[in-house]
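A quick write-up on the structure given underneath.
Derivation of every value follows stated rules applied to the coordinates shown; laboratory data play no part. Because the structure is a prediction, the values reported are computed rather than measured. Quick reminder, even Gly has a Cβ in these numbers, built from the backbone with ideal geometry, and neighbours come from all protein chains shown.
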Amino acid sequence: MIDVRGRGDCAIAYPQRGRFYFPNRIPNEAYLTWFALMLGRPLLGGQVYDTLRALDYLRSRPDVSGPVSLLGDGPHGVIALYAAALDGAVGSVALRQTVTDYRALAVAERYTQPFGIYAYGILREFDLPDVAGAVGPRPVLLLDPVTPLGEPAGPTARDLYRGAPNTSVRTMNAGEDPVQILATWVAGRQAG
């Protein structure tokens, strides 16, 4: 598991004696997103950079060989997708319950996606289905992709990713184990 800035062990931590300056709401990733934007650097870019450096470290280890697969859950799926597009040595990428596209977020009246997955001006250049296509010919799996409100995207996701032949969209059936599905998918990609 990779902890990127703003999440996990890399979340904001303030010194105990400074807490009265920073009320409880500040450790929230949204606050870090605003700090990063004030500096002109989207948090998403830093998180993708962190992922790429973690991949460099992983490949430097003598006990790691062959292509590495990335698995991203929820908003981490967006980070994993960008990292796979930028690092040609990534063998495959699977996203679970990740938002389908930025355009849907841009036109939605409400959304539950974290603010940190956005970067200004992206839709002028590309959207997430384009990024998935750029990963090709390496495979991309979208497992239970979601709408801006976090609801199942269903057939809409298949339509959005039709132009990315390396991408498959799968909806889980009740009772299926996502860990088992992802492990089987990754193992199949590494064997092939």
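Descriptive notes on the structure:
- If you take the Cα centroid of the range 42-89 and the Cα centroid of the range 98-145, the two points sit 17 Å apart.
- Leu123 sits among other residues whose Cβ lies under 14 Å from its own Cβ, and their net charge, with Lys and Arg +1 and Asp and Glu -1, is -2.
- Relative contact order for the chain, counting Cα pairs under 8 Å that sit 6 or more residues apart, in percent: 18 percent
- Antiparallel bridges, percent of DSSP beta bridges restricted to the range 21-169 (to nearest 5): 5 percent
- Over all other residues within a Cβ to Cβ distance under 11 Å of Met172, the charged ones net out to -1, with Lys and Arg as +1 and Asp and Glu as -1.
- Helix axis angle, 43-60 relative to the chain longest principal axis, alpha carbon, degrees: 60 degrees
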